[in-house]
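The values are calculated or read from the model by the stated rules, or taken from the named source; none is laboratory data. Quantities reported herein were computed from a predicted structural model and do not represent experimental measurements. Counting neighbours? That spans all protein chains shown, and the Cβs are built from the backbone with ideal geometry, glycine included.
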Amino acid sequence: MEKQYVHYHIEEGIAIVTIDNQPALNALNAPTLNQLDKTFDDLTKNQEVKGVIITGAGEKSFVAGADISEFLQIKGNEAPGFMARGQKIFNKIEAFDRPVIAAVNGFALGGGNELAMCCDICIAAENAIFGQPEVNLGLIPGYGGTQRLPRLIGPGKAKEIIFADERINAQEALRTGLVQRVVPKGQAVEEAKKLLKKILSKGPVAIKMAKKAINEGLKFSLSEGLNLEAQCNGICFGTEDKDEGAKAFLEKRPANFKGK
């Protein structure tokens, strides 16, 4: 029976997904990636799930990279396919149609930093460390690090982190925009729950459309992005939630959104 490296449970509509390979600091070996992939397939089908938190088991590590021993078996002509597999999984997480928050509780290195960057929002414990150390192995980031990191923090800072294996702490990650909140050690998941519950109190269709407009709009020109924004808002205007939200505002009461 295959060991479970990824497990999740649901609390009040929030799926808490935990990467659990503590002897290897929660490294992303092939079984872990496969299980993460299947987990998000399951969550996609489960409409009870309104949002997701991803974290690592223990207090030392979120995900401290890949299983380096697997690299010895991969030849140059096999590498693009190997990387494409991980990229596909991370793209699936990024495109998940409900909010996803990374609760980074320690090391987020290599694939761990790349996983955190796939999430909509990143909350870091004060002991978190971020980095892309692949150049030490004669490699470059392969699960999106060369693409998402410069988009988040700018190309110059991204090159410093990738070229020189410059690790940054939680406060520096906050300053650069890599993370959105820093909390005391051991509190990242609880802070993520608090934020996600606040998000889930808003209109579900509006959150879904806002995520679509932001994520897809970043790929377009400004004019194309504005057109996408108008289309997404058109969908929102056609919902019962829009009417409920407007009535609730005028009646000075909390809205009772149905996601319709």
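Kindly provide the set of residues from the range 229-251 that are among the hydrophobic types (A, V, I, L, M, F, W, C) and farther than 26 Å from N215 by Cβ, ordered by number. A246, A248, F249, L250, listed by residue number. Of all residues in the range 217-237, one or more are in contact (Cβ under 8 Å) with a residue 60 or more places away in the chain, loosely packed, with under 12 Cβ neighbours inside 10 Å and over 24 Å from V104 (Cα atoms). The set of residues in the range 20-67 that are β-branched (V, I, T) and surrounded by fewer than 23 Cβ atoms within 10 Å (Cβ to Cβ) comprises T39, T44, V49.
This table checks each residue for (1) in a helix (DSSP H, G or I); (2) among the aliphatic types (A, V, I, L, M); (3) under 29 Å from Q87 (Cα atoms).
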site	(1), (2), (3)
Q171	yes, no, yes
L178	no, yes, yes
K193	yes, no, yes
L196	yes, yes, yes
K219	no, no, yes
N233	yes, no, no
D243	yes, no, no
K258	no, no, no
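A search for C-beta distances below 9 Å between a residue of the range 148-164 that is surrounded by fewer than 14 Cβ atoms within 10 Å (Cβ to Cβ) and any residue that is among the β-branched types (V, I, T) and modelled with pLDDT of 95 or more, counting only pairs 6+ apart in sequence or on different chains, returns G154/T176; F163/V135; A164/V135.
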